[in-house]
Amino acid sequence: MGKGSIRALVIVLALAIGAYAVFQYGLNSPLTSDFIKKKLRSPDFHLEPWIYILYIHIVTAVLALVIGPYAHSPALEARHPSA
């Protein structure tokens with residue numbers, strides 16, 4: 001596998017993971033997620049503040065996944081070799 005193939009695979013996987021997160025927690029109700037259903041079984045679990053933190057985490061993670069392949073592109077590294 002060449003560098004181009006690996007780069008393409010990384011981009012496809014990053015976009016797939018980001019799309020899954022958007023679909024699972026953005027388009028569907030987060031309450032249908034098995035992860036949150038398990039947390040809701042706990043009597044001392046407070047959904048309201050936790051769900052906002054979850055959304056912040058999802059948005060920043062998707063941004064990192066989308067920006068990551070661009071940040072490590074050969075063209076960008078050639079323009080800024082010391083960074």
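The values are calculated or read from the model by the stated rules, or taken from the named source; none is laboratory data. Small disclaimer: the values here were computed from a predicted structure and weren't measured. Cβ atoms come from the backbone with ideal geometry, glycine included; neighbour counts cover every protein chain shown. Note: areas computed on protein heavy atoms with side chains; ligands, DNA, RNA excluded. Shrake-Rupley method; radii C 1.70, N 1.55, O 1.52, S 1.80 Å.
First select every other residue whose beta carbon is under 15 angstrom from the beta carbon of I51; then total the charges, Lys and Arg +1, Asp and Glu -1.
+2
So what is the calculated 222 nm ellipticity per residue for the chain, using -39500 (n - 2.57) for each DSSP H run with n of 4 or more, over all residues, to the nearest 500 deg cm²/dmol?
-22000 deg cm²/dmol
Only one of the listed values, (i) 57; (ii) 78; (iii) 52, was derived from the coordinates as percent of Cα pairs over 18 Å apart; which label is it?
Answer label, from the structure shown: (i).
Explain nothing, just the number: relative contact order of the chain, from Cα pairs under 8 Å at least 6 residues apart, as a whole percent.
39 percent
Hey, for a label at L9 modelled as a point 7 Å past Cα toward Cβ, could you say which residues of region 58-80 have their backbone N under 20 Å away?
Answer for this model: 65-66, 68-74.
Send over a whole-number figure in Å² for the accessible area per residue of the chain, probe 1.4 Å.
About 77 Å² of surface per residue is accessible.
If I fit a long axis through the Cα atoms of helix 3-21 and take the longest principal axis of the Cα atoms of the chain, what angle between them do I get, 0 to 90°, rounded to 10?
With both axes taken from Cα atoms, the answer is about 20 degrees.
Give me the percent of the accessible area of the chain that comes from carbon and sulfur atoms, probe 1.4 Å, all protein chains in place.
Its accessible area is 71 percent carbon and sulfur atoms.
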